[in-house]
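Since the structure comes first, as structure tokens, the remarks are kept for the end.
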Amino acid sequence: MIASTSQQSQTPASATPTITKTLHHQIVFIGGGSAGLTTASMLLKKNKSLDIAIIEPSHKQYYQPGWTMTGGGVFQIEDTVREKKDFMPQQATWIADRVVKLDPDRNAVVTKEGILVEYDYLIVCPGIQLDWHLIKGLKDAIGKNGVTSNYAPNYAPYTWELIKNFPGGNALFTFPNTPVKCGGAPQKVMYMADDTFRKLGVSDRTNVMFLTPATKMFAVPEYSAILDKVVAERGIDVKFRHNLKEIKGETKEAVFDIFDDSGAVVDEVTHKYDMIHVAPPQSAPDFIKQSPLAVPGSAYGWVDVDKYTLQHNRYPNVFSLGDASSLPTSKTAAARKQAAIVVENLLAFIASQPLLHKYDGYTCCPLITGYGKTIMAEFDGYNGTVLSSFPLNPVKERWIMWKMKTTGLPWIYWNRMLKGEQFEGDYIKFMQWRQ
């Protein structure tokens with residue numbers, strides 16, 4: 001769940017502001033979140049003379065995986081946020097504004113405040129857009145009367161309020177019919193909630209349900225099999241091929257479409273809830289959807305890049321990584337390895353050399369299956385094969401991986417990743433578990 005969400009734009013393409021200033025930089029980043037800060041820091045470690053500008057409106061930097069921990073009562077929301085200025089590379093120019101228009105044919109972008117920023121090279125990593133509006137009634141219902149989501153910092157504390165005070169009833173956890181950042185997040189909070197319900201003594205009068213459009217618990221078979229056992233042991237009621245389409249806040253009802261094997265809607269069903277955790281539909285920010293950089297004909301609007309080199313398929317001086325890219329892998333912690341590929345290939349491109357570095361689809365999703373238990377689900381997202389950066393079989397619930405999730409990974413994020421340090425797994429390659 002690592003990404004910037006601050007470049008999300010609801011400004012239509014027709015509302016391009018009047019240009020008040022023109023700037024030029026050698027390398028321009030759209031997005032100064034996790035992917036942007038990491039990549040910029042790595043570039044400047046390679047060459048301090050690079051002229052880099054980072055367009056990023058938010059003055060806060062969030063450790064977004066911490067929102068799940070906040071919703072489970074492990075972290076406070078304050079534990080997940082720091083000042084952006086403390087992580088912005090000193091050699092970079094920070095443009096505290098948001099992009100509203102991309103003009104790759106002119107090698108330029110336009111900001112909300114009317115700044116035309118021209119570039120030689122562009123790196124697009126604005127994070128993902130949360131499309132709350134695609135679920136009818138959700139925007140009005142969320143944050144009160146039992147409706148919550150860990151996908152935003154203003155709602156994650158409410159998740160824990162609901163869980164720790166739950167008197168019993170129907171507790172629903174949903175997954176949308178779109179790609180999402182941190183696809184394991186809706187399950188993680190569910191397992192912590194179930195643990196808490198048992199501790200509170202309300203589990204015998206509680207029905208925990210997981211409703212998803214998918215047909216299995218996880219994309220990688222080995223991890224899916226262990227999660228099948230987890231939900232079976234806990235007695236969680238899993239509903240596959242179910243997609244949330246409406247929240248009726250007044251009556252505390254959730255309406256779902258039901259799909260057949262072909263993905264066609266064949267029915268709908270309504271479930272009453274006493275609490276519901278919603279993972280909203282997600283897509284690339286609107287300003288990318290409305291631009292030539294988007295995958296042609298795609299409703300999601302991802303930046304159209306080569307899955308190995310991360311170079312744009314039609315604009316060679318453009319690269320993209322992180323949640324807004326079209327890379328066909330899970331959108332969870334992938335930017336950690338993608339950043340190094342962008343750095344090496346961009347520097348090669350600037351030097352008119354071939355792009356030899358290839359991203360292998362590496363992804364990591366620490367799957368919390370209860371307090372004190374985590375599956376460190378590392379995998380090759382392109383081939384669906386199990387990987388591990390540790391000398392341990394990853395297809396197992398482990399206490400040590402819970403400690404890594406709650407202590408090790410946050411420390412690495414703030415002290416190494418955002419500062420452009422090498423991926424930690426590279427140091428212990430000789431020890432890594434092999435299937």
Q. For V318, what charge total do you get from the other residues with a beta carbon under 12 Å from its beta carbon, if Lys and Arg give +1 and Asp and Glu give -1?
A. -4
**Q.** the range 65-126: relative contact order in percent, alpha carbon pairs under 8 Å with at least 6 residues between
**A.** 16 percent
Q: Taking 7 Å along the Cα-to-C-beta vector as the label spot, tell me the Q432-E253 distance in nanometres, rounded to one decimal.
A: 5.1 nm
Q | Protein accessible area in the range 110-213, 1.4 Å probe - carbon and sulfur % | A | 46 percent
Q | Whole-angstrom gap from the range 374-435 to the range 54-86, using each part's C-alpha centre | A | 21 Å
Q | Separation in nanometres of the label points that stand 7 Å from Cα toward Cβ, at E424 and S298 | A | 3.1 nm
Q) What span do the alpha-carbon atoms of the range 233-314 cover on each of the three principal axes, reported in whole Å from largest to smallest? A) 48, 31, 27
**Q.** Estimated 222 nm signal from helices in the chain, with DSSP H stretches of n ≥ 4 weighted -39500 (n - 2.57), rounded to 500
**A.** -6000 deg cm²/dmol
Q: Give the calculated FRET efficiency between V265 and S49 to the nearest 0.05, with a Förster radius of 45 Å applied to their Cβ-Cβ distance.
A: 0.20
Q.
Taking the Cα centroid of the range 20-52 and of the range 218-241, what is the distance between the two, rounded to the nearest whole Å?
A. 42 Å
Q. Percent relative contact order of the range 291-435, based on C-alpha pairs within less than 8 angstrom and at least six residues apart?
A. 16 percent
Q | 12 Å beta-carbon shell around G408, net charge (K/R +1, D/E -1) | A | +2
Q | Where labels lie 7 Å past Cα in the beta-carbon direction, separation of D237 and T16 in nm | A | 5.3 nm
Q) Once you list every other residue whose beta carbon is under 11 Å from the beta carbon of I54, what net charge do they have if Lys and Arg are +1 and Asp and Glu are -1? A) -1
Q. Using +1 on the beta carbon of Lys and Arg, -1 on that of Asp and Glu, and nothing else charged, what's the dipole of the chain about the Cα centre, debye to 20?
A. 800 debye
Q | Extreme residue, positive dipole direction of the range 117-180, given options G127, Y155, N165 (C-beta unit charges) | A | N165
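The values are calculated or read from the model by the stated rules, or taken from the named source; none is laboratory data. Here the structure is a predicted model, which means the values were calculated and not measured. Here Cβ is always computed from backbone atoms with ideal geometry, including for glycine, and neighbour counts include all displayed protein chains. To get the accessible areas, we keep the full protein, side chains included, count just its heavy atoms, and leave off ligands, DNA and RNA. Shrake-Rupley method; radii C 1.70, N 1.55, O 1.52, S 1.80 Å.
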